[in-house]
Amino acid sequence: MEDFRKIIEKETEKYDLADLAEKKCFITLMQIKKILQDESLSDAACYAKIEKIITLFDSLGLFTDRHDC
């Protein structure tokens with residue numbers, strides 16, 4: 001029986017994990033840029049932009065130590 005580590009190594013050889021991670025990071029940055037450039041929000045509602053970014057991070061499993069006011 002193959003050990004778990006060998007199975008994982010064999011499976012990950014099929015993919016360029018660095019390329020996949022780079023693409024995911026690029027997509028995330030573009031989503032953040034889109035949120036920040038959203039002119040439909042007034043300055044008084046700019047906190048909503050931050051909330052959208054935090055929501056995006058949460059959806060990606062990148063949880064923050066944010067303090068709710």
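Before moving on, here are some points about what is shown:
- Potential lengthening of the chain between Ile54 and Leu17 amounts to 10.8 nm, from the contour at 0.36 nm per residue minus the alpha-carbon distance.
- Kyte-Doolittle mean at least -0.5, axial Cα span of 15 Å or more - DSSP H helices of the chain: 17-36, 47-59
- Within the chain, longest stretch clear of exposed GluC sites (Glu not before Pro) (DSSP loop, no more than 12 other Cβ within 10 Å): 40-69
- Relative counts (whole %) of C-alpha pair distances in the chain, using bins that are 5 Å wide: 3, 13, 16, 15, 14, 11, 8, 7, 5, 4, 2, 1, 0
- Trypsin sites (Lys or Arg not before Pro), loop per DSSP, at most 12 other Cβ atoms within 10 Å - longest free stretch of the chain: 15-65
- Cross-link reach is defined here as a Cα-Cα straight distance under 24 Å, omitting same-chain residues fewer than 8 places apart; for Lys23 the lysines meeting it are Lys10, Lys14, Lys33, Lys34, Lys49, Lys52.
Read-outs: derived from the displayed coordinates by stated rules, not from any lab. Predicted model, so just to flag it, every value in this text is computed and none were measured. For neighbour counting, all protein chains shown are included, and Cβ atoms are generated from backbone atoms with ideal geometry for every residue, glycine included.
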